[in-house]
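Okay, structure first, notes after.
The values are calculated or read from the model by the stated rules, or taken from the named source; none is laboratory data. Everything quoted here is computed from the prediction, not taken from an experiment. Because the Cβ atoms are built from the backbone with ideal geometry, glycine has one as well, and the counts that use them run over all protein chains shown. Accessible surface areas use protein heavy atoms only, side chains included; no ligands, DNA or RNA. Shrake-Rupley method; radii C 1.70, N 1.55, O 1.52, S 1.80 Å.
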Amino acid sequence: MFLARRSLGIAYTTPLTRRLSSRASSVLGALDIPTTPTELPGVYDGEWKGSGDILQSVCPTTGEVLAHVKSASPAELHAALERTRDAYVHFRSIPAPRRGEIIRQIREALAAKREELGALVSLEMGKIRTEGVGEVQEFVDVCDYAVGLSRMLNGRVINSERPGHTILEVPNPLGVLGVLSAFNFPVAVYGWNLSISMAAGNATIWKPSPTTPLCSIAVTRIVSGVLEKNNIPGAVAGLVTGGKDVGEALVQSRDVDMVSFTGSEHVGRIVGKNVQSRFGKVLLELGGNNAAIIMPDADLSLAVPAVFFGSVGTAGQRCTSTRRLYLHRTIAPEFLARLQKLYGALKPGDPLDARTLLGPLHTRAAVDAYDGAIAELQAAGSQILVGGARFDGGGNFVRPTIAVPAAADGALWATERFAPVLLVAEFEELEQAIAWNNAVPQGLSSSLWTRDVRNVGKWIGPAGSDAGIVNVNVGTSGAEIGAAFGGNKSTGWGRESGGDAWKQYVRWSACTINFSDEAPLAQGVDFTPSSP
């Protein structure tokens, strides 16, 4: 029972004592996070506080407790929401280019701590060092984007049918944005939302995963330092750590104009209904059951490593991880032989070691879910080509698995397994592979490997992939920030980061302006009273 509770990031029985390893102390000390037994405040609204439940930050590699964090009490959450609303009223009046300058300073402050923050992501979440640093770089990159965006939050001028009239479409700040982020990207997802939200003139309140509170505290300290130097209320970028109750309160609060939620389809469905029931805005980034299709003319020297990274990177815990692989029958044996060779050379290791490619799953509960997925595949008659078991020793390490189900469709394929488990099937025609790609409820990322432009046309066209990300000769995982990121169907239809995603973070008004001496009605309506 204690393990189940710990997997939620909440400590109920652990005493406030710890002796950190030198490995952990080094990472935390570089970010001025105390390494002595103490309870860290996990609430920030211009002041640091916290008197709610105690959260545990547990290292998935070693199992050691990294810190105890005091989450938000109901009263503190209520106060934080009030201060966030007040901060919005102040921040919305600051010219957008000035807001962009503040974002630029946040970018510089984050970049100065990129390596240290990346190490903390590896320590607390478990992804390997290069991915941890890359995640922080993603926050830096989207800050760059938001700085430029602050001078390009453009509306439109529309020609009116009425003489002496013009129509404007005007974007204005929306209000308060609540960000509920997941454990697997404990820095970047908040970065996508905060940067664009600040450029738009909103205030943001962040509720991170309860299992990665240290990442959120470290980031908030950096951001709040920049706000303080610019005399901006700290609650423009507030933080409330906590469990399910804190998340529910944010979702249900009418003081939160928009909720951005990243997580499971099950919880996302609940979040969406609750926010929409009070007519708030909601942005959902949910499940990703992503497929790669390999045509006979594909360059295998590129495709094999891409599928390898897509299926094994972050130990299969990315929303864009490759979970389904469809191989043309003529190249299937060679492709699988190459892929199995890469899998066979994988060894688990410390994510902080630059040589490590395979880190742990995030929690013991995730390991149990992996075990359940393997048992389900075996019970259904699937052939396990590689993996299918945990690694011996400590930590949450599991063997990346390649499985060939007995059938190429059905419930096994429709389920997202948040672990390094790759299902494989063979096809004859591209149309069949596209149909399989589209047959699942989720629609986040997809990838086609071919050198035939006719295949490309089919893949990206109306009869092609129905995912939000439709790649060609690029893997399912590892999106850049310039395009809008998000998926279709049960992935939630949300869009974050680049492209036109910013348009969700503002309220739009259509403004018709009459600068003439007449007041005609549209559509030629004549409402002139008849003479008596």
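Is it the case, given these coordinates, that GLY461 is small (Gly, Ala, Ser) and either open to solvent by 60 Å² or more (accessible area, probe 1.4 Å) or farther than 23 Å from SER195 by Cα (or both)? Walk me through how you get there before you give the answer.
Values: small (Gly, Ala, Ser): yes; either open to solvent by 60 Å² or more (accessible area, probe 1.4 Å) or farther than 23 Å from SER195 by Cα (or both): yes.
Answer is yes for this residue.
Has the stretch 324-345 got any residue that is open to solvent by less than 10 Å² (accessible area, probe 1.4 Å), in contact (Cβ under 8 Å) with a residue 40 or more places away in the chain, within 24 Å of VAL121 (Cα to Cα) and within 23 Å of the chain's Cα centre (by Cα)?
Going through the stretch 324-345, the residues open to solvent by less than 10 Å² (accessible area, probe 1.4 Å) turn out to be 324-327, 332, 335, 339.
With in contact (Cβ under 8 Å) with a residue 40 or more places away in the chain added as a condition, the list becomes 324-327, 332, 335, 339.
Still in the list and also within 24 Å of VAL121 (Cα to Cα): none.
Scanning the stretch 324-345 turns up no residue that is open to solvent by less than 10 Å² (accessible area, probe 1.4 Å), in contact (Cβ under 8 Å) with a residue 40 or more places away in the chain, within 24 Å of VAL121 (Cα to Cα) and within 23 Å of the chain's Cα centre (by Cα).
So is GLN432 of a type outside the set (A, V, I, L, M, F, W, C) and open to solvent by less than 30 Å² (accessible area, probe 1.4 Å) or not? Walk me through how you get there before you give the answer.
Working: of a type outside the set (A, V, I, L, M, F, W, C): yes; open to solvent by less than 30 Å² (accessible area, probe 1.4 Å): no.
Here the answer is no, as GLN432 does not meet what is asked.
Return the residue satisfying two criteria in turn: it lies in the stretch 507-522 and is open to solvent by less than 100 Å² (accessible area, probe 1.4 Å) and either touching a Gly at 6+ places or on another chain (Cβ under 8 Å) or of a type in the set (Lys, Arg) (or both), and of such residues it is farthest from ALA199 (Cα to Cα).
My answer is SER516.
When residues of the stretch 297-315 are filtered for being in a helix (DSSP H, G or I) and out of contact with any strand residue (DSSP E or B) (no Cβ under 6 Å at 6 or more places or on another chain), how many remain? Don't jump to the end; show me each part of the working.
Quick first cut of the stretch 297-315, residues in a helix (DSSP H, G or I) only: 300-315.
Keeping just the survivors that are out of contact with any strand residue (DSSP E or B) (no Cβ under 6 Å at 6 or more places or on another chain) gives 300-302, 304-306, 308-309, 312-315.
Looking only at that region, the number is 12.
In the stretch 41-58, what residues are part of a loop (DSSP other than H, G, I, E, B), in contact with a helix residue (DSSP H, G or I) (Cβ under 6 Å, 6 or more places away or on another chain) and either open to solvent by 10 Å² or more (accessible area, probe 1.4 Å) or within 16 Å of SER209 (Cβ to Cβ) (or both)? Give the steps one after another, and end with the answer.
Within the stretch 41-58, the first condition is being part of a loop (DSSP other than H, G, I, E, B), and the residues that meet it are 42, 45-47, 50-53.
Right, trim to in contact with a helix residue (DSSP H, G or I) (Cβ under 6 Å, 6 or more places away or on another chain) and you get 42, 45-46.
Within the stretch 41-58, GLY42, GLY46 qualify.
What number of residues in the stretch 387-419 are open to solvent by 30 Å² or more (accessible area, probe 1.4 Å), free of Cβ contacts under 8 Å to residues at least 60 places away in the same chain and more than 25 Å from GLN432 (Cα to Cα)?
Number satisfying all stated conditions: 7.
Counting only residues that are closer than 30 Å to PHE391 by Cβ, give me the strands (runs of 3 or more DSSP E) lying completely in the stretch 417-485 with at least 1 of them. Before you say what the answer is, go through the steps one by one.
Numbers: elements: 421-427, 445-449, 469-472.
Hits in the stretch 417-485: 421-427, 445-449.
Can you name every one of the strands (runs of 3 or more DSSP E) wholly within the stretch 246-295 that holds 3 or more residues which are open to solvent by less than 10 Å² (accessible area, probe 1.4 Å)?
Values: elements: 258-262, 281-285, 290-294.
Of the strands (runs of 3 or more DSSP E) lying wholly inside the stretch 246-295, those with at least 3 residues that are open to solvent by less than 10 Å² (accessible area, probe 1.4 Å) span 258-262, 290-294.
Just to check your reading of the model, which residue among VAL525, VAL453, VAL470 is open to solvent by 40 Å² or more (accessible area, probe 1.4 Å), without any contact (Cβ under 8 Å) to a residue 60 or more places away in the chain, in contact with a Leu (Cβ under 9 Å, 6 or more places away or on another chain) and not aromatic (Phe, Trp, Tyr)? Lay out the reasoning, then the answer.
On the way: VAL525 fails: in contact with a Leu (Cβ under 9 Å, 6 or more places away or on another chain); VAL453 fails: in contact with a Leu (Cβ under 9 Å, 6 or more places away or on another chain).
Unique residue meeting the criteria: VAL470.
Can you name the number of the only condition in (1) in contact with a Pro (Cβ under 9 Å, 6 or more places away or on another chain); (2) of a type outside the set (Asp, Glu); (3) within 22 Å of ALA188 (Cβ to Cβ) that ALA87 fails?
(3)
Among the residues of the stretch 510-529, write down those that are under 14 Å from GLY164 (Cα atoms) and of a type in the set (A, V, I, L, M).
ILE513, ALA519, LEU521, ALA522
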